[in-house]
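The values are calculated or read from the model by the stated rules, or taken from the named source; none is laboratory data. Bear in mind the structure is a predicted one, so any value in this text is a computation, not a measurement. With ideal geometry, Cβ positions are generated from the backbone for all residues, glycine too; neighbour counts draw on all protein chains shown.
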Amino acid sequence: MRKLYELAGADENRRFSPYCWRIRMSLAHKGLAVDCLPWHFTEKEKIGFSGQERVPVLVDGEKTVSDSWEIAKYLETEYPDSPSLQLENGEVFFIKFWTETVLHPELMKLLVLDIYKGLAAKDQSYFRESREKLLGKPLEEVVKGREERLPNLQKLLTPLRLTLKKQEYIAGETPGFSDYIVFGAFQWARCISDFSLLTADDPICGWREKMLDLHDGLAGKAVGYTV
Ligand SMILES: N[C@@H](CCC(=O)N[C@@H](CS)C(=O)NCC(=O)O)C(=O)O
């Protein structure tokens, strides 16, 4: 059976990595069954066979692939007859880098303490140390006043909101990897934090609902919070 190593919290069923969600959704999109194995930040040796230290890691028969972008490309090449992830448009790169360099950092500043609290005890000191080094202050300081900073997030989502007013999905009429990239960020938040990111009248909510319902409600059924 195909295997996917996924980041897990103290509750092993809480799978909250934005990058892993890209791949969970992509595998379901292509109708490929997978056994999703929990992995913790401090279990580097468990994925040592992949030659790097991050998840997702996909093991498909003889092949091991890491990095969500590489995995998506692999799935497209290996399974060309199943529904396409629509990677061929160069614009997907813009979505990927916008998500990773604009959306993720803003979310991190809102959620980092919730992430810390949701981690297995053995991961907490590693996470605190590495993220405080990255963010330059204690996690408690990072999230301080987060309610007042929500408008910043909602403002930076304007291009996404305008796009979703024009079309059903980011990729167009049907969902594609671009949707899974951005949705991964929202699912990261939903799985680890009860902090509401969007107001109920935000058009992005309708898209997020559709994404939660896709593939037999895969993401909606995952352990997380109601947002
Ligand atoms: N470029 C990678 C990034 C993967 C990544 O950063 N994964 C995180 C989990 S969300 C991780 O494994 N972090 C390990 C660590 O911080 O030690 C991808 O697209 O898959």
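Being in a helix (DSSP H, G or I), closer than 19 Å to Met25 by Cβ and among the basic types (Lys, Arg) holds for only one residue in Lys155, Lys73, Lys109, and it is Lys73.
Of all residues in the stretch 23-67, those satisfying the criterion of being among the small types (Gly, Ala, Ser) and loosely packed, with under 15 Cβ neighbours inside 10 Å are Gly31, Ala33, Gly48, Gly51, Gly61. For first residues located in the stretch 87-102 and closer than 18 Å to Thr77 by Cβ, partners that are among the basic types (Lys, Arg) and lie 6+ apart or on another chain with Cβ distances below 8 Å form the pairs Leu87/Lys73.
From Glu106, Glu168, grab the single residue that is assigned by TED's automatic domain parsing to the domain that holds Ala200, in contact (Cβ under 8 Å) with a residue 12 or more places away in the chain, under 19 Å from Gly206 (Cα atoms) and acidic (Asp, Glu). Just a single option satisfies the conditions, and that option is Glu168. Taking the criterion of being within 10 Å of the ligand (Cβ to nearest atom) and not aromatic (Phe, Trp, Tyr), would at least one residue in the stretch 115-122 satisfy it? Checked against the condition, which is being within 10 Å of the ligand (Cβ to nearest atom) and not aromatic (Phe, Trp, Tyr), the stretch 115-122 yields at least one hit. For the stretch 35-49, residues that are within 11 Å of the ligand (Cβ to nearest atom), part of a helix (DSSP H, G or I) and touching a residue at least 40 places away in the same chain (Cβ under 8 Å) total 1.
Restricting attention to the stretch 1-22, and to residues there that are in contact (Cβ under 8 Å) with a residue 40 or more places away in the chain and away from the ligand (no atom under 11 Å from the Cβ), which single residue is surrounded by the most Cβ atoms within 10 Å (Cβ to Cβ)? Looking at residues that are in contact (Cβ under 8 Å) with a residue 40 or more places away in the chain and away from the ligand (no atom under 11 Å from the Cβ), I get Leu4.
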